[in-house]
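Below: one structure, written as structure tokens.
The values are calculated or read from the model by the stated rules, or taken from the named source; none is laboratory data. What you see is a predicted model, and the numbers here were worked out from it, not measured in a lab. Note that we place each Cβ from the backbone using ideal geometry, even for glycine, and neighbour counts take in every protein chain shown. Heads up: the accessible areas ignore ligands, DNA and RNA and are worked out on the full protein's heavy atoms, side chains in. Shrake-Rupley method; radii C 1.70, N 1.55, O 1.52, S 1.80 Å.
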Amino acid sequence: MDYPPSVIMRMLQTGIPNLEDKVLRSFSIWVCLTCEMCFARCPMSIDIPKMMDFLREKSINEKKANPKAKEIVAFHKSFLDSIKYTGRLYEIGLFVDYKARTLKILDDLALAPKMMKRGKLNLIPEMIKDRSGIASIFRKSNKKNKN
Amino acid sequence: MTLGLYPGCSLKGSSREYAESVITVAKAFNINLEEIKDWNCCGATAAHNMNKELSLALPARILSLAEKQGLKEIVVPCAACYSRLTMTKYELAKDPELKAAVTDANGLEYTGSVNVLNIIQMLDKYITPNLDGRVIKPFDHRVACYYGCLLVRPHEILKFDREEDPQSMDVLMLKAGATPIDWAFKTECCGAGLSVSRTSSVGRLSGKIIGDAKDRGAEAVIVACPMCHSNLDMRRDAINSYLGEKIDIPVLYITQAIGLALDLDRKALGLQRHFVKVTV
């Protein structure tokens, strides 16, 4: 993390546009796992995880995502694309899409046959029936977003 | 009796043994789990990181379908899906404008009437009261019950167990004949959704969890989340290389451990699907 959550809160608190810009361009907001621990322990009960979600969405919409977060953002995009087309997560499709986005061709390649052997990878995606309904949810919720 | 089931994507793929063990244990107590028809992915981390409305619309569609099917109560074994569904219910109940936007996007009626149970709540409500005399092969091992993040946090919304040092799984495992240990990493994060995009972080975070469990003499780690399971089990190579030693403590879903205590068939519980061999 380039800034710990407490510092991010302070940076936003100042209301200085330059500091807000730094937050939106930070790596911290992407490496935050939304584990909810900071909120659980915050003496001021600030819902930091919810703010992190807001900051990430804003960072993407304003095209300010930190370059170090390229793989993390690519993974989220591949994940959402998979749901958009089939309604459910198709793990092989996700991996292929992610590799195409990041060119991390060799990562986890050894994992696939091991998962297959254990019956943990579906070759064929599980397609839901109402795929047009899902497409419509994506369309309508994307109206405000540029991504 | 019949109870609704939202399996979620992991339970149909990389964590199918969780589904197998949930269904097998439920069946042993004559509970029929009825899957929500045509369910979709809850959106998981990706949706709430990228698009708030989408992250509420996807779980709302699932809850609407359950309502339409006449299900009053559903069990959601995946802690991450459970979190998304419960958070959505909470957000939509307090914000009518958001609810209207989501209902419009989904084109489905949503009242928020479905009761959502996580796996521990389901076991406590329907299985534990009938457990007497059924534990024929006590799970006589030292276990580290690992809760992770989304089963217990945020407490203000989930209102389940305690967020520091939770006990519900420990109590269940005690009833299954195990000795739950006192340890420090019950609710630390395993690395969750960074499994693929930053495997090294998962090796470090999950490494600390497995390392502490080992140091305190655990013979098995018990989990209730497919993401925790895949990070602690499937990513064991990354964990071992972080720790610089080879640790082979198996990670079991709570339903697998209870299934073993009930002397149910090991294959029906999906134990053969793990990366770290289940020797207990």
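Odds and ends about this structure:
- Count of residues meeting criterion [touching a Ser or Thr at 6+ places or on another chain (Cβ under 9 Å) and open to solvent by less than 20 Å² (accessible area, probe 1.4 Å)] in the range B:129-143: 1
- Residue among B:206, B:195, B:200 that alone is polar (S, T, N, Q), touching a Ser or Thr at 6+ places or on another chain (Cβ under 7 Å) and not assigned by TED's automatic domain parsing to the domain that holds residue B:85: B:195
- Filtered residue count, the range B:144-169, keeping only those that are within 15 Å of the chain's Cα centre (by Cα) and either open to solvent by less than 10 Å² (accessible area, probe 1.4 Å) or at the interface with another protein chain (Cβ under 10 Å from one of its Cβ atoms) (or both): 12
- Within the range A:21-55, the set of residues being farther than 30 Å from residue B:166 by Cα, open to solvent by less than 70 Å² (accessible area, probe 1.4 Å) and not aromatic (Phe, Trp, Tyr) comprises A:21, A:23, A:24, A:26, A:55.
- Test for residue A:120: is it touching a residue at least 60 places away in the same chain (Cβ under 8 Å) and at the interface with chain B (Cβ under 9 Å from one of its Cβ atoms): no
- Any chance residue B:102 is in contact (Cβ under 8 Å) with a residue 24 or more places away in the chain, open to solvent by less than 20 Å² (accessible area, probe 1.4 Å) and within 12 Å of chain A (Cβ to nearest Cβ): yes
- Residues of the range B:261-277 that are out of contact with any Asp or Glu (no Cβ under 8 Å at 6 or more places or on another chain) and open to solvent by less than 20 Å² (accessible area, probe 1.4 Å): B:261, B:262.
- Every condition in (1) more than 30 Å from residue B:65 (Cα to Cα); (2) outside any loop (DSSP other than H, G, I, E, B); (3) in contact with a Leu (Cβ under 9 Å, 6 or more places away or on another chain) is met by residue B:125 except one, and the failing one is (1).
- Failed criterion for residue A:86 (all others in (1) within 14 Å of another protein chain (Cβ to nearest Cβ); (2) open to solvent by less than 20 Å² (accessible area, probe 1.4 Å); (3) within 17 Å of the chain's Cα centre (by Cα) hold): (3)
Yes or no, residue by residue, for (1) within 14 Å of chain A (Cβ to nearest Cβ); (2) more than 24 Å from residue B:13 (Cα to Cα); (3) among the small types (Gly, Ala, Ser):
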| position | (1), (2), (3) |
| --- | --- |
| B:46 | yes, no, yes |
| B:60 | yes, no, yes |
| B:84 | yes, no, no |
| B:90 | yes, yes, no |
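- Boolean, residue B:111 is assigned to a loop (DSSP other than H, G, I, E, B) and either more than 26 Å from residue A:140 (Cβ to Cβ) or not assigned by TED's automatic domain parsing to the domain that holds residue B:148 (or both): yes
- Residue match in the range A:94-104 (condition: open to solvent by less than 70 Å² (accessible area, probe 1.4 Å), facing another protein chain (nearest Cβ under 7 Å) and modelled with pLDDT of 95 or more): no
- Within the range B:191-225, if we keep just the residues that are over 17 Å from residue A:108 (Cβ atoms) and within 14 Å of chain A (Cβ to nearest Cβ), the residue that is surrounded by the most Cβ atoms within 10 Å (Cβ to Cβ) turns out to be B:225.
- Scoring residue A:76 on the criteria (1) more than 7 Å from chain B (Cβ to nearest Cβ); (2) farther than 23 Å from residue B:275 by Cβ; (3) without any contact (Cβ under 8 Å) to a residue 12 or more places away in the chain leaves a single failure, condition (1).
- Scanning the range A:123-147 for residues that are within 9 Å of another protein chain (Cβ to nearest Cβ) and in contact with a helix residue (DSSP H, G or I) (Cβ under 9 Å, 6 or more places away or on another chain) yields a total of 16.
- Pair list, Cβ under 6 Å, 6 or more apart: the range B:162-174 residue in the same structural domain as residue B:261 (by TED's automatic domain parsing) and modelled with pLDDT of 95 or more, other residue of a type in the set (Phe, Trp, Tyr) and surrounded by 15 or more Cβ atoms within 10 Å (Cβ to Cβ): B:166/B:147
- Listed by first and then second residue, the pairs with beta-carbon distance under 7 Å, at least 6 apart or on different chains, first residue in the range B:32-55 and in contact (Cβ under 8 Å) with a residue 60 or more places away in the chain, second polar (S, T, N, Q), are B:45/A:34.
- Number of the condition not met by residue B:126 [criteria: (1) surrounded by fewer than 20 Cβ atoms within 10 Å (Cβ to Cβ); (2) away from chain A (no Cβ under 13 Å); (3) in contact with a helix residue (DSSP H, G or I) (Cβ under 6 Å, 6 or more places away or on another chain); (4) among the aromatic types (Phe, Trp, Tyr)]: (3)
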